[in-house]
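Colleague: Before we start, here is the structure in question, set down as structure tokens.
The values are calculated or read from the model by the stated rules, or taken from the named source; none is laboratory data. What you see is a predicted model; the values in this text were computed from it and never measured. Glycine gets a Cβ as well: all are built from the backbone with ideal geometry, and neighbour counts include every protein chain shown.
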């Protein structure tokens, strides 16, 4: 049977609903959609809506099907950078960066035995920094994006379920007897893609904004580049120097020393970078989404306007109280960040002291930048609900200085030798006590006597005997503690 166009539409004009959905539309669905005004779309509206539906409900198997729309994140970040202004790095600028990093390396060689990193000096534009760091940002934000997808689906299910309850007011245009909850399976792909698009846009906005502010590759305190290159963003360094009454060359040298020191630390302490990244992931993985805020956003925002949805969700995405797992990860992260920045402060001060007349003023400028909430803090707060601030920086700097005073730079740097003997949050409470324990060997944690080995073997034999006898008791004392520490290092959220 040949279908005829609805009355009032020419024979050669396509049916907007069939064009929108790519084929015949069931009568009940047509009635519902036409009652909402979708049966009279003009060609321009039709193309726009079709494009939005393809974006939200498009085919599977692509990169955009994940929790974070990676393609959108990339495009938004590059757009933010382009709108703010970005210049290609010239050969002269690259040579300047190479020279200041060479000088910084020579100065650091005098104050630490950690070897220079194997990577090269790099001068990056803001767009190049986006390209280099976006994979790590996507890794860190994926756990939150997964939680957002689940929360949005749950919120939509709850709303549709309430609409389908007996006695609930009818939905205008929905055929009588049709349960709105039955539509959920059709809407889930759209919700997943909508969530991925919104979070991808948020990642892109944050990373693009950070690209316009960060001074160097590891200024955020985390190894974002995945290599041992000493990376400087010359345009941002120049903007930072403009706000200081100090020669720009001296500013560049000071910041190069700080970046080279941080990269040297990450290269010499291979467990440090992975533990920092794991702490962020542990925090993000257990984050609780504010479902009430999402439900309110879904009610108030225009689902055809992704920017409207993103803005509605942005301010109330995360629940305010961290879980116990998050608090443990946060404590570990804050401790590691403080230790990294405290070490960089102390070592950089030793390196530049004999050479830069304004070293103290530059150190104070960096402290003010951190105290007012730097770019990293704003970025992490928007992406994972986390304020990335080394709150105990002064305590950490005091601890490294105390170690240096007690045993020289070797004693200071040896404390990084293993995560089990690195300073903890408790050690930051008593820097002098930690330095004294290290100096006396009481906290070395790597020297085991014959008596210790014999005691451990006896304990293990006793445990095995108890198991054979059916006692089922765990060994007491140090073995249990060590096992717990191993669990923490293998990815659990400890209090470090």
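Colleague: Looking at 145, 155, 127, can you tell me which residue is out of contact with any strand residue (DSSP E or B) (no Cβ under 8 Å at 6 or more places or on another chain), modelled with pLDDT of 85 or more, surrounded by 15 or more Cβ atoms within 10 Å (Cβ to Cβ) and not in a loop (DSSP other than H, G, I, E, B)?
Modeller: So the residue among 145, 155, 127 that is out of contact with any strand residue (DSSP E or B) (no Cβ under 8 Å at 6 or more places or on another chain), modelled with pLDDT of 85 or more, surrounded by 15 or more Cβ atoms within 10 Å (Cβ to Cβ) and not in a loop (DSSP other than H, G, I, E, B) is 127.
Colleague: With the condition kept exactly as written, say whether any residue in region 98-111 is part of a loop (DSSP other than H, G, I, E, B), touching a strand residue (DSSP E or B) at 6+ places or on another chain (Cβ under 9 Å) and at pLDDT 95 or above.
Modeller: no
Colleague: Would you confirm whether or not region 397-412 contains a residue that is outside any helix (DSSP H, G or I) and either out of contact with any strand residue (DSSP E or B) (no Cβ under 9 Å at 6 or more places or on another chain) or modelled with pLDDT of 70 or more (or both)?
Modeller: The answer is no; no qualifying residue exists.
Colleague: Could I ask something else about it? Working only within region 421-443, note down all residues that are at pLDDT below 75 and loosely packed, with under 15 Cβ neighbours inside 10 Å.
Modeller: Result: 441, 442.
Colleague: Then there is this: What number of residues in region 242-259 are buried (at least 19 other Cβ atoms within 10 Å of the Cβ) and in contact with a helix residue (DSSP H, G or I) (Cβ under 7 Å, 6 or more places away or on another chain)?
Modeller: 8
Colleague: Picking from 221, 243, 177, 208, which residue would you name as being at pLDDT below 90 and under 27 Å from residue 279 (Cα atoms)?
Modeller: 221
Colleague: Which of the helices (runs of 4 or more DSSP H) contained wholly in region 298-396 include at least 2 residues that are touching a strand residue (DSSP E or B) at 6+ places or on another chain (Cβ under 6 Å), within 21 Å of residue 280 (Cβ to Cβ) and at pLDDT below 90?
Modeller: Those helices (runs of 4 or more DSSP H) do not exist here; none qualify.
Colleague: Take the residues in region 193-232 that are assigned to a loop (DSSP other than H, G, I, E, B) and within 20 Å of residue 76 (Cα to Cα), then tell me which one is nearest to the chain's Cα centre (by Cα).
Modeller: Taking the candidates together, the pick is 224.
Colleague: Still on this structure, I have one more. Within region 246-254, can one find any residue that is within 24 Å of residue 412 (Cβ to Cβ), part of a helix (DSSP H, G or I), within 24 Å of the chain's Cα centre (by Cα) and in contact (Cβ under 8 Å) with a residue 24 or more places away in the chain?
Modeller: No, every residue in region 246-254 fails to be within 24 Å of residue 412 (Cβ to Cβ), part of a helix (DSSP H, G or I), within 24 Å of the chain's Cα centre (by Cα) and in contact (Cβ under 8 Å) with a residue 24 or more places away in the chain.
Colleague: Among the residues of region 74-97, write down those that are assigned to a helix (DSSP H, G or I) and without any contact (Cβ under 8 Å) to a residue 12 or more places away in the chain.
Modeller: Across region 74-97, the qualifying residues are 83, 91, 92, 95.
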